[in-house]
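Data block below; observations after.
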Amino acid sequence: MKRNYASPKIVLAIVIALIITTAGTPVKQFRDGIYKGESRSKYTHEPYWGQVRLKIKDDKVVWLKFRIVDKEKHEVFGPKYERHFKYTPRYIMQCRSELKGIKIYTEVFSKGKDIEQVDAITGATWSHDLLKSTFYVTLEKARNE
């Protein structure tokens, strides 16, 4: 029985064609989808966790949601959170600064889609640190291995 094998020239032509067609194709770093993550950054002695939800499409983060949760009180850090510090004006002002930071940081990210372009603002370093740390933790979940 005679077997039909492809000639070496045909095999070589197929291999070269495959190399040429895939040579300029970038390898995707991330899987498309929606991912969630959380982190305390360097604030491990506090009950506050940054939480991020982000959507990846075509290797880019196309939207991001960020919040901070107090896991002891089971409460999202928001406009009413300052009531826990009603006798400490300094902490009330800190809460307001951090809330402003959360809003500004997510807006800046939405415009540029680059976490490295999100600079910390005065009085809101804590929320900035939590955002960046949580962003990278969440992004790692989407990484192609």
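Where a number appears in this text, it was derived from the coordinates with a stated rule and is not lab data. These figures come from a predicted structure and were not determined experimentally. Because the Cβ atoms are built from the backbone with ideal geometry, glycine has one as well, and the counts that use them run over all protein chains shown.
With one equal scatterer per alpha carbon and no solvent term, the Debye-computed log10 I(q)/I(0) for segment 33-141 at 0.10, 0.11, 0.12, 0.19 1/Å reads -0.28, -0.33, -0.40, -0.95.
Amide H contacts of W63 (H built 1.01 Å from N, in plane; Pro and chain starts excluded): K55 sit under 5 Å, all sequence-distant by 5 or more or on other chains. Using 0.36 nm per residue and subtracting the Cα-Cα separation, the extra length available between K141 and K9 on full extension is 43.1 nm. In terms of other Cβ atoms within 10 Å, E72, E82 run from fewest to most in the order E72, E82.
Computed from point charges on the beta carbon alone (+1 for Lys and Arg, -1 for Asp and Glu), the dipole magnitude for segment 33-141 about its Cα centre is near 380 Debye. Taking a sphere under 14 Å around the Cβ of E82 and counting the other residues whose Cβ falls inside, with K and R at +1 and D and E at -1, yields a net charge of +4.
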